[in-house]
Amino acid sequence: MSLTTNKNFLSPNGFRLTIDSKDFADVEYFCTRSPLPDVSAGSVSQSFRNRPNSFPGEKVEYAPLVVSYMVTENMENYIALFNWMVSNANDGQIRYADVILSILNSSNNLIRQVRFVDAFPSALGAIDFHTQNTDVEYVTGDATFTYSNFEFIK
C-alpha cells in the first residue's frame, strides 16, 4: 500500500450538479449545496460460544439526496421541480432522471463524478417569506431526491 501522491485536500465548494434534462437547467445553475449522502450496509450480530461476532449486512441503504438552490425571482426552478413531483404523483407514470454530482479540484477541473440512478424529487422544502429582515437575504429552497443507488462513473 502506497501513500497518495496528491496531498491536496478536497474543497467543499468545488462541485456542479447536473440533472439529466433540459427542463431543470435553473436548478443545476443555482445549486448552492449538494452533499454526498450517507451510505450504510448494517451488520448482523451472531454470538458463538459467548463471544459476539458481527458480519456485514446484505443490503446497502442510501440516504436521500438533499440539494439546496437559490430560487429564481420568477420561481422557475421551484415550479419545475414542483411540477415534476406532482406529475409523478398524479399521472401514474413516474419520470426518472439521472442526477450527476461533478466534483472539482482546486483548479475547478473535474476529478470525480457520482451518478444518482433513477432519481426523482420526493420533497420540496418550505419557502419562507417574511418582512423582518433588514438586509436582503435571497430565498433558497431544498429539494429531496430519492434514487435507486449511486455510483462513481469517473
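The values are calculated or read from the model by the stated rules, or taken from the named source; none is laboratory data. Not measured: the values here are computed from a predicted model. Quick reminder, even Gly has a Cβ in these numbers, built from the backbone with ideal geometry, and neighbours come from all protein chains shown. The protein model used for the area step is the full one, side chains on, heavy atoms only, and it has no ligands, DNA or RNA in it. Shrake-Rupley method; radii C 1.70, N 1.55, O 1.52, S 1.80 Å.
The condition of being open to solvent by 50 Å² or more (accessible area, probe 1.4 Å) and either modelled with pLDDT under 95 or closer than 26 Å to E73 by Cβ (or both) holds for only one of F129, F145, that being F129. Summed over segment 107-116, residues that are assigned to a strand (DSSP E or B) and open to solvent by 30 Å² or more (accessible area, probe 1.4 Å) total 5. Annotation: S87 fulfils all but one of (1) part of a strand (DSSP E or B); (2) within 19 Å of S21 (Cα to Cα); (3) open to solvent by less than 50 Å² (accessible area, probe 1.4 Å); the unmet one is (1). Determine, yes or no, whether T144 is part of a strand (DSSP E or B), out of contact with any His (no Cβ under 8 Å at 6 or more places or on another chain) and not charged (D, E, K, R). The answer is yes for T144. Within segment 7-28, the set of residues being closer than 30 Å to T144 by Cβ, in contact (Cβ under 8 Å) with a residue 12 or more places away in the chain and not in a strand (DSSP E or B) comprises L10, S11, G14, D20, S21, D23, F24, D26, V27, E28.
Just one of the listed residues (S11, S54, S40, S34) is open to solvent by 70 Å² or more (accessible area, probe 1.4 Å) and of a type in the set (S, T, Y), and it is S54. A search for C-beta distances below 9 Å between a residue of segment 60-75 that is more than 11 Å from C31 (Cβ to Cβ) and any residue that is open to solvent by 60 Å² or more (accessible area, probe 1.4 Å) and among the aliphatic types (A, V, I, L, M), counting only pairs 6+ apart in sequence or on different chains, returns V60/V39; E61/V39; Y62/V39; A63/V39; L65/L36. For segment 67-83, which positions are hydrophobic (A, V, I, L, M, F, W, C), surrounded by fewer than 20 Cβ atoms within 10 Å (Cβ to Cβ) and outside any helix (DSSP H, G or I)? Within segment 67-83, M70, V71, M75 meet the criteria. A Cβ distance below 7 Å, combined with a sequence gap of six or more or placement on separate chains, defines the contacts here; from segment 90-106, residues that are in a strand (DSSP E or B) reach residues that are open to solvent by 90 Å² or more (accessible area, probe 1.4 Å) in the pairs A97/D20; D98/D20; S102/R16; I103/R112; L104/R16.
I'd like the full set of residues that are part of a strand (DSSP E or B) and under 30 Å from G125 (Cα atoms), limited to segment 39-66. Selection gives V39, S40, E61, Y62, L65, V66.
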